[in-house]
Amino acid sequence: MLHAGGNLIRFEMHAVHRTDCSVDSTYDLWTDFDNSLTGVAFQGGPGAPPAMIDDLPAIGVDAQGTTRIRFIHDGPIEPSFSKQMLFAVQALTLRGRYPHPVVSIVAPDAGPAPTGTLNVVLGSPEDLRAALAAPPSIASGQPVLRLVNDIRAGGPALVLGGETEQAVMAAIERLVAGVERSDDEKMSISSAYAPDAPFFTGARSVRFSELGVPTQEFAGRRLRIRFPVALPADFYGAANGQARILLNAAYAPSVRPGSQLSVYVNGSLASSYVLTGQHGGLIEYKEINIPLTHFHAGINRVWMEILLNVDSDETCEPGATLVNQQRFVLFDSSEFVMDDFARIGTEPNLAAFFGRGYPYFRQAEPIAVVMRHDAPTVATAATLMARLALFHEGTTRVDTAPPPASLKSRPVLFIGEINRIPSEVLNQVGIVNASKIRWISERDGGGAEPGGTPTAAGMGANGPVARSPIALPMLDTAVRVRPASGDEDIYDRWRDEVTGETGLSAALLRFEKWVKDTFDISLGFPGADSESAPFNPPPGTSVLVAQGFAPNSNALWTLVTGHTAESLLAGFQDFTVGEYWLKPFGRAVAFDAATGQMEIRTPSSRRFVVTQPLGPSNLRLIAANWLSLNIVTYALVLVLCCIAFAVITSLLLRRSPRGGG
């Protein structure tokens, strides 16, 4: 049954309540698999350690689903080593198909490698001798790419070496050459979520069978199916775009009218459909419209939830939960249809950055990375590059020592602790000065106050604190989008007091707030938007990511920072978990690793970058989406058009000859 490459194993079970028949009770009926005790065992005991480069996927993951890439290095870290490491980790992630790579740098003799850990030794013959008990020999001018089992490394170790920097880069290039590319219509994510996600670049339809959703009959009260959808980095259709589900299904006569089918996108309710048949019904290609409001660049998670109400559930007689009468069937001939959408890049755009590595992975020159070359900071940068390469499905060169004069004219990544980030960078990405940020590492007060002694993330007053990411509910309640931090009621009260109760400005602001709360439309009146104000991250922030433009330039700068280099590395490891990584958008996000909470700041303005030919169809879609986002401009254009039409009509009527009697 098994075959070379990836194998998918599914678990199916049937669970019922003994005493409760309500739909709500199904949310309390769950089964949890203990990852540390669940796995696949083969006869003959543990298998041999990986011996070939093609065996890299066999490194696997630990109990938290993480693959730890451990670079063994002795001595100070030079910019040349950082450059090689950031390039190598991209190739390793893609070659090993690691769903959640986390990078660290350790000294030699660090001990046995835990489960799901890959040791890597990178550098010159001197570096190899310092890290390994029996380093492989290096021929003159030849690169070395080999898996060895070494005592000092604590297990299997991948050796990437050479006598010169060029030879080391050549060894990494060999690793890159073996990376398999997915086809243009799919995004390879099956190592984390099966199957691979269909990649939509425009109008297209995909059957449920291709999305990994089989035909299934259902006898319970709540059925949920999920599938992924991938969009390009230059997706620009959230305001007016639309997708559809062509539903093929049937429901039994016992199902009461009012039962509901809901569609969620990235945790937000996008559409719903009510079953109205009195005596069951057959649904054939029923069109369920889904606005693209909650879609973004990269991976999007779509799921359908069907809630079925029947009369027997109301009475809930003894043994009723054991009846296995089918109530609903979903056919795999159903389709997900994406309509055409606009294609143009927007900056700043964290959704495109995290989802596809935009714009850094689309440029020809190496990515400029500015950071201190200490172990925690370089490990954070390597973890970031591994994650971006995974979602971009490709690698790119890195420049870890860019000339300072070039930074204002090229995209740059700034990575490190907040106190070492220049004030100019903070100003350009819209973050308050470091002295104004009150960083706290722990919710219980065990953090670092300004002027105090920092506490390492993950350590409380009574010892270590568990760092496992908090599981999030299906509905996304952990993301708050605000123009500023603080309690919403306090914010609204102070805004009312500051703007005053009288005057045209106050009236416009109150009207703008009413339209926003009622219709979710931002009118953009002057003074109604404080998004351009510097972002002050809330207390407890573990990771802060923000984007802005270089001074007097359109080059995009991205900042990744934290309280200290050590706490940034610890928080960023949690931030890269899929549940969190796919959520950010806008221009800035503050992530609290202790709670899983995010605070997001959206940009007050965006810059457009042409990524596709601006043909008539694309221009029409771009204009439609832009006008939908700028409703006041849209209304003014309509008024001006009406006035112009009236004036022209009046002039034509005046010049036309009058009829005689």
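For the range 357-380, a residue qualifies if it is more than 19 Å from A588 (Cβ to Cβ) and under 17 Å from the mean Cα position of the chain (by Cα), and exactly one does: F361. When A48, A63, A58 are checked against the criterion of being of a type outside the set (F, W, Y), in contact (Cβ under 8 Å) with a residue 40 or more places away in the chain and either surrounded by 14 or more Cβ atoms within 10 Å (Cβ to Cβ) or in a loop (DSSP other than H, G, I, E, B) (or both), A63 stands alone in meeting it.
Show me the strands (runs of 3 or more DSSP E) found entirely inside the range 554-614 where at least 2 residues are modelled with pLDDT of 90 or more and open to solvent by less than 10 Å² (accessible area, probe 1.4 Å). In the range 554-614, 556-562, 588-592, 597-601 are the strands (runs of 3 or more DSSP E) which contain 2 or more residues that are modelled with pLDDT of 90 or more and open to solvent by less than 10 Å² (accessible area, probe 1.4 Å). Checked against (1) at pLDDT below 90; (2) open to solvent by less than 10 Å² (accessible area, probe 1.4 Å); (3) within 30 Å of L614 (Cα to Cα), V265 passes all but condition (1).
Residue-by-condition table, conditions (1) open to solvent by less than 10 Å² (accessible area, probe 1.4 Å); (2) at positive phi:
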{"residue": "G212", "(1), (2)": "no, yes"}
{"residue": "A233", "(1), (2)": "no, no"}
{"residue": "A239", "(1), (2)": "no, no"}
{"residue": "L247", "(1), (2)": "yes, no"}
{"residue": "A250", "(1), (2)": "no, no"}
{"residue": "S254", "(1), (2)": "no, no"}
{"residue": "L282", "(1), (2)": "no, no"}
{"residue": "Y285", "(1), (2)": "no, yes"}
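Taken across the range 91-106, residues that are of a type in the set (A, V, I, L, M), within 22 Å of E163 (Cα to Cα), open to solvent by 20 Å² or more (accessible area, probe 1.4 Å) and part of a strand (DSSP E or B) do occur, with at least one present. Within the range 169-193, residues that are open to solvent by 40 Å² or more (accessible area, probe 1.4 Å) have Cβ atoms under 6 Å from residues that are of a type in the set (A, V, I, L, M) and modelled with pLDDT of 85 or more in these pairs: R174/L145, counting only partners at least 6 apart in sequence or on another chain. For the range 116-146, filtered to residues that are under 20 Å from A570 (Cα atoms) and either in contact (Cβ under 8 Å) with a residue 60 or more places away in the chain or assigned to a strand (DSSP E or B) (or both), the residue that is most open to solvent (accessible area, probe 1.4 Å) is T117.
In the range 588-598 there is no residue matching the filter, namely being over 14 Å from S542 (Cα atoms) and touching a residue at least 60 places away in the same chain (Cβ under 8 Å).
Among the residues making up the range 372-396, a single one is within 21 Å of V609 (Cβ to Cβ), outside any helix (DSSP H, G or I) and open to solvent by 20 Å² or more (accessible area, probe 1.4 Å): E393. Please verify whether A113 is in a loop (DSSP other than H, G, I, E, B), surrounded by fewer than 16 Cβ atoms within 10 Å (Cβ to Cβ) and modelled with pLDDT under 90, treating the condition exactly as stated. When the stated conditions are applied, A113 does not pass them.
The values are calculated or read from the model by the stated rules, or taken from the named source; none is laboratory data. Bear in mind that the values here come from a model prediction, so they are computed numbers and not experimental data. Every residue, glycine among them, receives a Cβ derived from its backbone with ideal geometry; neighbour counts consider all protein chains shown. Just the protein is used for accessible areas: all its heavy atoms, side chains included, with ligands, DNA and RNA removed. Shrake-Rupley method; radii C 1.70, N 1.55, O 1.52, S 1.80 Å.
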